[in-house]
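These notes concern the structure reproduced below.
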């Protein structure tokens with residue numbers, strides 16, 4: 001009976017988000033001249049997956065008091081397994097620590113024995129520690145107003161960067177340029193999640209932007225970030241005309257989160273339900289990632 005309950009802490013849709021971000025970075029690398037190596041791809045993603053799963057258990061463990069106030073039916077809410085089964089809390093913590101150590105050990109092995117660049121380990125180490133201290137004391141970054149920034153940097157930069165380094169072996173101007181709007185999209189994701197949890201986070205003493213500034217300010221910032229991302233892609237289209245990637249088409253894809261941000265901002269101005277508006281923004285980001293992956297997959301297949 002313990003195994004099914006402890007596995008319920010894993011949120012498959014969050015794992016899927018990590019898969020999309022890693023695929024995006026990997027396919028971007030192939031489009032820019034990287035070569036597909038199935039061993040590197042699988043093992044490097046295994047590092048990301050183990051680190052991702054570690055955060056599921058650590059966040060549920062350290063947020064158990066906050067999760068008492070959450071609505072379990074919400075799509076991105078905590079599982080509340082540890083709330084209803086306090087006897088599983090030590091096991092959850094042990095699993096989280098084990099996965100954290102295992103993922104970093106695997107990253108070191110890949111650097112030493114599979115010619116993965118050292119930057120891969122440095123970025124993953126930073127991301128995994130940020131994921132642990134997101135909710136873990138003594139830092140507990142989410143209670144210091146840094147929660148949204150951590151999520152943005154990990155989902156928007158670190159995971160795509162790991163996929164890129166796995167198959168390209170180095171950074172180049174295209175990835176560094178794309179990392180800017182990708183990180184802004186990561187911030188849109190974290191702001192959308194925080195907007196739907198304002199009351200819960202306030203009770204849990206989390207100093208998120210949503211708690212401090214309110215939902216309207218959050219959706220205003222999301223719209224600004226979505227617009228800035230589209231402008232960035234349009235600018236890169238002029239800056240990188242020789243790239244294999246049609247950056248103008250990417251800018252067209254970016255209209256999806258921009259429209260969602262505009263609709264959500266209009267909705268919050270009319271006092272519509274915050275959860276639905278947050279879900280709209282998150283869904284738009286998934287659509288953008290799916291469009292990007294589909295487009296880059298076509299380029300990769302032609303290249304291969």
Next on the checklist: If I ask for residues that are out of contact with any helix residue (DSSP H, G or I) (no Cβ under 8 Å at 6 or more places or on another chain) and either modelled with pLDDT under 90 or closer than 20 Å to residue 268 by Cβ (or both), which ones from segment 234-248 would you list?
Outcome noted: 238, 241, 242
Checklist entry - Can you name the residue in segment 138-153 that is in contact with a helix residue (DSSP H, G or I) (Cβ under 8 Å, 6 or more places away or on another chain) and over 28 Å from residue 229 (Cβ atoms) and, of all such residues, is surrounded by the most Cβ atoms within 10 Å (Cβ to Cβ)? => result 140
Item to check | Qualifying position, being over 24 Å from residue 8 (Cβ atoms) and under 21 Å from the mean Cα position of the chain (by Cα), among 108, 122, 116 | outcome: 122
Checklist entry - With (1) within 19 Å of the chain's Cα centre (by Cα); (2) in contact (Cβ under 8 Å) with a residue 40 or more places away in the chain; (3) under 27 Å from residue 131 (Cα atoms) as the list, and residue 176 as the residue in question, which single condition is left unmet? => result (2)
Next on the checklist: All but one of (1) closer than 20 Å to residue 28 by Cα; (2) at pLDDT below 95; (3) assigned to a helix (DSSP H, G or I); (4) in contact with a helix residue (DSSP H, G or I) (Cβ under 7 Å, 6 or more places away or on another chain) hold for residue 176; state the number of the condition that does not hold.
Outcome noted: (4)
Item to check | Condition met for residue 188 (in a helix (DSSP H, G or I), touching a residue at least 12 places away in the same chain (Cβ under 8 Å) and surrounded by fewer than 24 Cβ atoms within 10 Å (Cβ to Cβ)) | outcome: no
Checklist entry - Taking only pairs six or more apart or across chains, which ones have beta-carbon atoms under 8 Å, a first residue in segment 209-233 that is closer than 12 Å to residue 268 by Cβ, and a second residue that is not in a helix (DSSP H, G or I)? => result 210/197
Checklist entry - In the list 143, 128, which residue meets the criterion of being farther than 30 Å from residue 251 by Cα, in a helix (DSSP H, G or I) and within 13 Å of the chain's Cα centre (by Cα)? => result 128
Checklist entry - Would you say residue 135 is in contact with a helix residue (DSSP H, G or I) (Cβ under 8 Å, 6 or more places away or on another chain) and either within 20 Å of residue 63 (Cα to Cα) or part of a helix (DSSP H, G or I) (or both)? => result yes
Checklist entry - In segment 33-55, what residues are surrounded by fewer than 20 Cβ atoms within 10 Å (Cβ to Cβ) and closer than 22 Å to residue 246 by Cβ? => result 33, 35, 36
Next on the checklist: Just to be sure I understand, how many residues within segment 22-52 are in contact (Cβ under 8 Å) with a residue 60 or more places away in the chain and either closer than 16 Å to residue 300 by Cα or touching a strand residue (DSSP E or B) at 6+ places or on another chain (Cβ under 6 Å) (or both)?
Outcome noted: 17
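The values are calculated or read from the model by the stated rules, or taken from the named source; none is laboratory data. None of the values given here were measured: they were computed from a predicted structure. So basically every Cβ, Gly included, is an ideal-geometry build from the backbone, and we count neighbours across all protein chains shown.
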